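The values are calculated or read from the model by the stated rules, or taken from the named source; none is laboratory data. Given the structure is predicted, the values throughout are model-derived calculations rather than measurements. Glycine gets a Cβ as well: all are built from the backbone with ideal geometry, and neighbour counts include every protein chain shown.
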Amino acid sequence: MDYFTQDILEFDLDRQSLAVTKGPPCLNGSIVHQIIQAEDDAVGLLIYLHGRFKVWQRKVNCHGGTAWLLQKTFQVHNVLGLPSQIGSATEMEILGYDEDNGALFLLVSSSVYMVQLMSMQFRKLDGCLHASKCHPFTSFCAPGIAIHD
């Protein structure tokens, strides 16, 4: 029995409807993946398999048909400047994704990294002990405006 499929559940908030969308063909072999926002606000999918990430984008044609197109592929150790031995799914985990900034948070061995997907720049985050998941958010306060309880 095959417990893994390449299906993605899609919930439309406006229509209050649920649909099943086929993912890219290599989704079935991955246990580490993340839905992301791709170019032009399209649905994207980041799939980790055999030490590399593949970034897919879902394209919709004028007739409503959809297809998944491979946008880019990159080796984790090349982007993070790590030894090439790092690469198995047991040594790497996606902790979270910041859609507003296109930033991915990765746990590699015992270190947490933030990777900007557009520029492929990264930063190792210090002081992140025992990370399991993160829920990144962005907020701001305009100068001169006081917030009262």
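Being part of a strand (DSSP E or B) and at pLDDT 85 or above is the requirement here; does Leu9 meet it?
No; evaluated as a whole, the condition is false for this residue.
Whether any residue in segment 48-56 is modelled with pLDDT under 85, under 16 Å from Met120 (Cα atoms), surrounded by fewer than 16 Cβ atoms within 10 Å (Cβ to Cβ) and touching a Ser or Thr at 6+ places or on another chain (Cβ under 7 Å) is what I want to check. Checked against the condition, which is being modelled with pLDDT under 85, under 16 Å from Met120 (Cα atoms), surrounded by fewer than 16 Cβ atoms within 10 Å (Cβ to Cβ) and touching a Ser or Thr at 6+ places or on another chain (Cβ under 7 Å), segment 48-56 yields at least one hit. Take Ile31 and tell me if it is closer than 30 Å to Ser111 by Cα and modelled with pLDDT of 85 or more. No: the conditions fail for Ile31. The set of residues in segment 67-114 that are among the polar types (S, T, N, Q), within 13 Å of Arg52 (Cα to Cα) and modelled with pLDDT of 75 or more comprises Thr73, Gln75.
Among the residues making up segment 18-28, a single one is modelled with pLDDT under 80 and of a type in the set (S, T, N, Q): Asn28.
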